[in-house]
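Notes to accompany the following structure.
The values are calculated or read from the model by the stated rules, or taken from the named source; none is laboratory data. Just so it is clear, the structure is predicted and the values come from calculations on it, not from any experiment. All Cβ positions, glycine included, derive from the backbone under ideal geometry; neighbour counts span all protein chains shown. The accessibility values were calculated without ligands, DNA or RNA, using every heavy atom of the protein model including side chains. Shrake-Rupley method; radii C 1.70, N 1.55, O 1.52, S 1.80 Å.
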Amino acid sequence: MEPADELEAESRPWDRLSSWLECVCVVTFDLELGQAIESVYPPGVKLTEKEKSSLCYLSFPDSYSGCLGDTRFSFRMRQSVGRRRRRRPTDEAYDRDAPAALQMEASHFYGYVYFRQVKDASVKRGYFQKSLVILSRLPFVRLFHAVLSAIAPNFFAEAESCLQTACQQMDGWPRPAAGLLADLPLMGSVLRVRIPSRNDKPGSLSPLASMEEEEVVAANASPTLTALPSVHQPDLFRCFQSLLIHTQMLWELVLLGEPLAVVAPSPAVSSETVLALVSSIAPLKFCCDFRPYFTVHDSEFREFTTKTQAPPSVILGVTNPFFVKTFHNWPHVLRLGESAEVSPGEDVPKQLRIKKVAKLKTLDGKAGVFTAYKSFLLKDKVLVKRVLKGIQRRRPPEVQSAILRRHFLELTQSFIIPLERYMASLMPLQRSVTPWKTPPQIRPFSQDDFVSSLDRGGPRLTSALRGDWTGLYRKFFKSPNFDGWYRHRHGEMTRKLESLHLEAVCEADLPAWTRDKSEVEIVDLVVKLREKVSKARRRQLQVREDLLAKLRSLIETIVGTLPKDLQEVLETQ
């Protein structure tokens, strides 16, 4: 961003706040209207009628959930067509440096909900029902739920006056940036966070999670400081402890983008389970659709539940028993019971069994995994035994989650490393990049060539799991996740080639090249070089600033050799 643009951005109201979130909404229950938006902060944020309707229905638990007290959950909703906001250079910089799975959403909003339902005799329905909702394009579920927990007590005690204060404080936060380590003041407390970077070593602990014991004690001793070990990671152990024997199969279903319905007893269980499933293939980005909490009132209800065609590649989290009947034609349904958290003295949670989809009942069906899917890889019995033994020994849940996260990470890396290695082999050699020719093309991806390379460099080199890895890759090639991964990597390699080509142009002796060229050729060269420099800035190509400065100087030198009339023409372009 140019200095002038940066100053202009800083002067716009709520500009920093809008880097973190779209708005904060208050949704209440009206006897005549049902769910209705009571207020939106900061003032002036515009939502379409379709977005308002979706927001209202998704901000309240389904009537079957019976959520009393305070409930926190998440949803993801589609943005109205044609109203994508203009991306800032800071947004593009964040997406360039952030892990693929944590990049900003372009066409969806994440919703983070703090819902309160308590008995209230003064209300006709007998219950006070209201939700405080944050809409954001960032998938920072743990951060924004911590934000809501800091705001909600004041909000429900002092009404809406605190929302203006909270928004003003968040508007003073630094903009989100990959690798940012910051203390974020909010409502008399401080949230200490660290946003991951794509340069982080996979599997390494966050600086906050790896603090020395003395630092942790000091942080916890402060009544106003909360250090978040992660801004986004769900509690894998809580979500998967009754599904341990199926983790391998569930990982494959998510990797392959298979349609998967999660039927849960509450939006909290539904949303956290869906987010845990999506995160299981990290650092690979889940490129299919997913809805942590979905209702029959959603505008995409018919699109996702039609019986005239196969279900789309989506993971749906629902709570209404009506969906059980609707999902009879779905190939994979995960039906969860009440939370299976283990209390002291309690046995290991019962593992859900695999059942035939045909046995999925409307109301009286029991918890289970309803699927006919046969895994390509064998189960990791060592992992299951390790986690079950941890339950028996009362191992801390944080450690159990770390074990599961490490398992999924190593499994995904074993799968993706051969693809990365093969993709790198398609990159043209650096010596083939010359300033006088267009950049060479990346060679096409051949599935057969890749499969033939597995014998000498496949997943078996890094993973002890056995099974049909080749069959898994073949199925993966047909999924949206492969298409998304390939497009992302191809785009990165293309930008790398453009950067190498621009560097070669910067180092070339351009004045010598122009000596025997006509004025028309020289003007054409100047126009192309200026466009190249402009494109490098727009696409934020990784080119040294001193080389770009040298090229701009060379361009001006060449322009100075042209007649005045041509110089004036070039100045107007």
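Using C-alpha pairs under 8 Å with a sequence gap of at least 6, the mean separation divided by the residue count of the chain gives a relative contact order of 11 percent.
The heavy atoms of TYR41 present about 40 square angstrom of accessible area, all protein chains included, probe 1.4 Å. Sparse packing (at most 13 other Cβ atoms within 10 Å of the Cβ) combined with a DSSP loop state is found for the following trypsin sites (Lys or Arg not before Pro) in segment 87-168: ARG87, LYS124, ARG125.
With the Kirkwood sum run over all distinct C-alpha pairs, segment 355-442 has a hydrodynamic radius of 18.3 Å.
Past 25 Å, Cα to Cα: identify those pairs from LYS201/LYS389; LYS385/LYS478; LYS379/LYS475, in the order given.
On the way: LYS201/LYS389 29 Å; LYS385/LYS478 33 Å; LYS379/LYS475 19 Å.
Over 25 Å apart, Cα to Cα: LYS201/LYS389; LYS385/LYS478.
Ordering VAL527, LEU465, VAL543 by the projection of their Cα atoms onto the charge dipole of segment 447-573, which places +1 on the Cβ of Lys and Arg and -1 on the Cβ of Asp and Glu, puts LEU465 at the extreme positive end. In terms of the mean number of neighbouring beta-carbon atoms within 10 Å, the peptides 405-412, 505-512, 438-445, 286-293 order highest first as 286-293, 405-412, 505-512, 438-445. Cross-link partners among lysines for LYS532, C-alpha distance below 22 Å, same-chain residues fewer than 8 apart left out? Once the sequence-local lysines are set aside, what remains near LYS532 is LYS437, LYS496, LYS517, LYS550.
Overall, the chain carries a charge dipole of about 2480 debye about its Cα centre when +1 sits on the Cβ of Lys and Arg and -1 on the Cβ of Asp and Glu, all other atoms neutral. Considering only alpha-carbon pairs that sit under 8 angstrom and 6 or more positions apart, the relative contact order computed for segment 443-573 is 25 percent.
Amide H to amide H distances under 5 Å link ARG192 with LEU184, THR226, ALA227, LEU228, where only residues 5 or more positions off or on other chains count and H is placed in the peptide plane.
With a Förster radius of 35 Å applied to the C-beta separation of ASN199 and SER518, the computed FRET efficiency comes to 0.15. The alpha-carbon of LYS130 sits under 18 angstrom from the alpha-carbons of these aspartates and glutamates, leaving out residues fewer than 8 places away in its chain: ASP30, GLU32, GLU38, ASP62, ASP70, ASP120, GLU158, GLU160.
Once neighbouring chains are kept in place and the probe is 1.4 Å, which whole percent of the accessible area of the chain is contributed by carbon and sulfur?
Values: 14780 of 28270 Å².
Heavy-atom surface of the chain belonging to carbon and sulfur, 1.4 Å probe: 52 percent.
The residues LYS517, LYS285, LYS50, LYS478, sorted by heavy-atom accessible surface at 1.4 Å with ligands and nucleic acids left out, run LYS478, LYS50, LYS285, LYS517 from largest to smallest.
Quick check: with the 1.4 Å probe, what order do ARG386, ARG194, ARG495 take by accessible area, largest first? The partial results should precede the final answer.
Numbers: ARG386 135, ARG194 45, ARG495 80 Å².
Final ranking, largest accessible area leading: ARG386, ARG495, ARG194.
Solvent-accessible surface (1.4 Å probe) assigned to HIS232 amounts to roughly 50 Å².
For segment 398-500, what does the accessible surface come to per residue with a 1.4 Å probe? Please give it in Å².
Values: 5450 Å² over 103 residues.
Normalised by residue count, the accessible surface of segment 398-500 is 53 Å².
Using a probe of 1.4 Å on the protein chains alone, the accessible area found for GLU272 is around 40 Å².
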